[in-house]
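Participant: My questions will all concern the structure given below.
The values are calculated or read from the model by the stated rules, or taken from the named source; none is laboratory data. This structure is a prediction, so every number in the text was calculated from the model and none was measured. Every residue, glycine as well, gets a Cβ built from its backbone with ideal geometry; the counts of neighbours run over all protein chains shown. The accessibility values were calculated without ligands, DNA or RNA, using every heavy atom of the protein model including side chains. Shrake-Rupley method; radii C 1.70, N 1.55, O 1.52, S 1.80 Å.
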Amino acid sequence: MASEQSSFLYSANADFIAELFKRYAENPASVDPSWQEFFTGLNDDARSMLEELRGASWAPSKADKIVGYVDADTKKAVVAKNGAVAGVPVAQSAILDSIRAIMLIRVYRVRGHLLAHLDPLGLTPRPPQPELNPQSYGFTEADMDRPIFVDGMLGFQTATLREILQRLQRTYCGSVGVEFMHMQSPEQKAWIQERVETDLNKRQYNKDEKRNILQRLTAGDAFEKFLATKFVGVKRFGLEGGETMIPAIDALITRATKMGLREVVVGMAHRGRLNMLTNVLGKPFTALFSEFQGTPAYPSSIQGSGDVKYHLGTSTDRDFAGNTVHLTMNPNPSHLEWVNPVVTGRVRAKQQQRVGAISINETAWRQVMPLLIHGDAAFAGQGIVAETLMMSDLKGYRVGGTMHFIINNQVGFTTSPYYSRSGTYCSDIAKMIQVPIFHINGDDVEAVVQVAEIAAEFRQKFSKDVVIDMVCYRRHGHNEGDEPAFTQPIMYKKIKEQPTTRKRSPKN
Ligand SMILES: Cc1ncc(C[n+]2csc(CCOP(=O)(O)OP(=O)(O)O)c2C)c(N)n1
């Protein structure tokens with residue numbers, strides 16, 4: 001309980017008196033004798049509270065927050081009404097506003113992703129971020145509607161703090177959280193910034209485009225439902241909860257074909273593999289279903305392996321918006337990410353064959369793309385991921401950028417992220433190679449499609465890796481034969497109540 005003597009510190013006076021105390025602590029003569037007397041007479045409680053309010057000696061001064069004066073009789077702060085800084089000339093006050101607003105904008109670009117709505121289940125805590133709070137820069141509620149000059153930032157010449165915040169939150173804290181300010185290339189950084197800030201990070205798709213997205217989502221969703229009904233309890237490592245990947249990969253390849261792509265080599269583990277094989281790589285459903293019934297579609301290719309369905313590859317030619325693309329799925333044993341360098345090596349060989357020479361050029365890079373689809377636990381946990389990333393810019397191994405798509409279902413078999421990785425995101429290791437990382441809420445299908453398109457453009461333009469971290473969930477157990485609620489009861493209670501992505505998607 002606060003003593004009577006310290007109760008004033010709970011009021012609006014607190015900042016003011018703390019600042020006064022700071023001056024007094026540095027030099028008692030710098031404050032009015034009545035205040036000297038007041039501070040000398042404080043008890044220990046009040047003194048230690050003031051010490052705390054005063055903050056660290058290196059913290060920026062709160063002097064500019066003094067928006068009033070202390071009434072000598074009542075010893076209470078009188079706060080100025082218009083939010084202008086008392087004693088500071090107007091021009092200087094405007095400059096201060098601009099500097100603070102620009103600092104705020106920059107920090108949203110760097111750290112806005114920490115407040116983005118990424119988890120469709122809404123279970124991941126998003127702790128408050130003081131650096132994203134305008135108060136940290138000296139703004140108060142009274143400053144929300146004053147025009148501030150920001151010199152073209154976010155497309156504004158002049159905007160109120162309220163408008164700036166709205167735009168920042170919609171751009172950087174919606175369904176997409178983008179990490180790009182760690183990149184060292186100013187050109188690449190500026191490109192990402194412009195792309196995400198242009199549409200408030202939310203492109204409006206027309207009716208045909210929406211229909212196409214819905215059609216691909218439905219295909220992904222219906223495929224799993226059919227297998228679940230027809231082959232009850234049979235292992236398939238379903239994609240349910242992450243089916244947005246199907247329209248996203250479609251959009252990614254379609255967009256890249258407009259920038260020269262002619263061939264894709266896919267590497268992936270078990271999750272969603274059957275869905276990818278059929279719905280993206282065009283493996284005939286009859287061939288897959290015959291495998292479910294125990295008859296291998298291509299007996300010569302299985303070489304005595306057990307879980308063959310999830311290990312086999314395929315290849316096909318498919319049309320994407322008028323361009324034919326050769327798609328290959330690399331066979332993969334049970335070692336999750338181990339396929340990564342095999343895929344990049346294969347792509348490098350294909351690129352070399354295309355140019356018919358040892359030295360590879362940008363055209364070859366653009367023509368053949370490695371697409372690696374990862375699990376969140378495996379991406380963070382397996383060393384081969386880091387090793388392959390590290391080779392991405394080496395002369396002898398470059399492939400002009402690998403596209404990484406993480407199906408981040410927030411669980412690895414039975415292990416929750418906080419037991420399986422250090423660091424905020426499963427994708428953190430990719431920061432070391434200076435590439436953009438997009439985190440997206442998998443239930444916002446249009447946002448995922450939009451990010452896939454931006455990622456494709458970035459890869460084709462800058463010949464660099466890109467990471468898409470799609471945050472989703474796993475509707476059933478790891479392989480349909482286990483009960484996930486035994487180890488993740490809270491999560492699976494929530495999942496049970498969660499309508500499918502298709503049902504949650506907007507109706508028009
Ligand atoms: C190299 C390797 N390590 C471990 C395993 C065992 N294993 C199979 S799946 C799995 C969990 C993978 O989790 P995640 O990467 O998040 O993918 P998810 O199944 O959740 O999609 C593990 C540990 C394996 N198959 N290969």
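Participant: Report the gain in length on full extension from residue 181 to residue 110: 0.36 nm times residue separation, minus Cα-Cα distance, nm rounded to one decimal. Walk me through the numbers on the way to the answer.
Facilitator: Values: separation 71, 0.36 × 71 = 25.56 nm, distance 0.55 nm.
The residue 181-residue 110 span can extend by a further 25.0 nm.
Participant: For the stretch 201-504, with only Lys/Arg (+1) and Asp/Glu (-1) charged at the beta-carbon, what is the dipole magnitude about the Cα centre, in debye rounded to 20? Write down the numbers at each step before the final one.
Facilitator: Working: 38 positive and 29 negative charges, 93 e Å.
Roughly 440 debye for the stretch 201-504.
Participant: Working with all protein chains in place, sort 100, 398 by solvent-accessible area computed with a 1.4 Å probe, largest first. Let's see the in-between values first.
Facilitator: Numbers: 100 15, 398 55 Å².
The most accessible residue leads, giving 398, 100.
Participant: Which of the aspartates and glutamates could be linked to residue 496 by a straight reach, that is with a Cα gap under 20 Å, when you skip same-chain ones fewer than 8 residues away?
Facilitator: Result set, ordered by chain and number: 119, 221, 224, 240, 243, 443, 444, 480, 482, 483.
Participant: Taking Cα centroids, how far is the stretch 353-386 from the stretch 136-180 in Å?
Facilitator: Each part's Cα centre sits 38 Å from the other's.
Participant: How much of residue 292 can a 1.4 Å solvent probe reach, expressed as accessible area in Å² and rounded to 10?
Facilitator: Counting only protein heavy atoms, the figure is 20 Å².
Participant: Another one. Per-residue counts of other Cβ atoms within 10 Å, averaged by peptide: what ranking do you get for 460-471, 436-447, 479-490, 172-183, highest first?
Facilitator: The most tightly packed comes first, giving 436-447, 460-471, 172-183, 479-490.
Participant: Something else: As a quick test, which of the pairs 230/283; 431/494; 210/494; 210/461; 207/461 have an alpha carbon distance above 21 angstrom in this structure?
Facilitator: As for pairs spanning more than 21 Å Cα to Cα, those are 431/494; 210/494; 210/461; 207/461.
Participant: Which semi-axes, in whole Å and largest first, does the equivalent ellipsoid of the stretch 201-504 have when worked out from the alpha carbon gyration tensor as the square roots of 5 times its eigenvalues?
Facilitator: After scaling each eigenvalue by five and taking roots: 28, 22, 21 Å.
Participant: By a straight-distance test (C-alpha under 17 Å), which aspartates and glutamates pair with residue 395 as possible cross-link partners, with residues fewer than eight away in the same chain excluded?
Facilitator: Cα-Cα hits under 17 Å: 362, 387, 465.
Participant: Keeping the other protein chains in place, figure out the carbon and sulfur percent of the accessible area of the stretch 380-508, with a 1.4 Å probe.
Facilitator: Summing carbon and sulfur atoms, their accessible area is 55 percent of the total for the stretch 380-508.
Participant: Using only the heavy atoms of the protein chains and a 1.4 Å probe, how would 103, 268 rank by accessible area, largest first?
Facilitator: 103, 268
Participant: If one puts a single equal scatterer on every Cα of the stretch 220-369 and applies the Debye formula without solvent, what log₁₀ I(q)/I(0) results at q = 0.09, 0.20 Å⁻¹?
Facilitator: Listed by q, the Debye log ratios stand at -0.31, -1.32.
Participant: At R0 = 25 Å, how high is the FRET efficiency between residue 204 and residue 169 if r is their beta carbon distance? Nearest 0.05 is fine.
Facilitator: The value I calculate is 0.85.
Participant: Just to check I understand the Karplus step: with θ = phi - 60° and J = 6.51 cos²θ - 1.76 cosθ + 1.60, what whole-Hz values come out for the stretch 460-475, glycine and proline as x?
Facilitator: 5, 7, 10, 6, 10, 4, 9, 10, 10, 10, 8, 7, 9, 8, 10, 4
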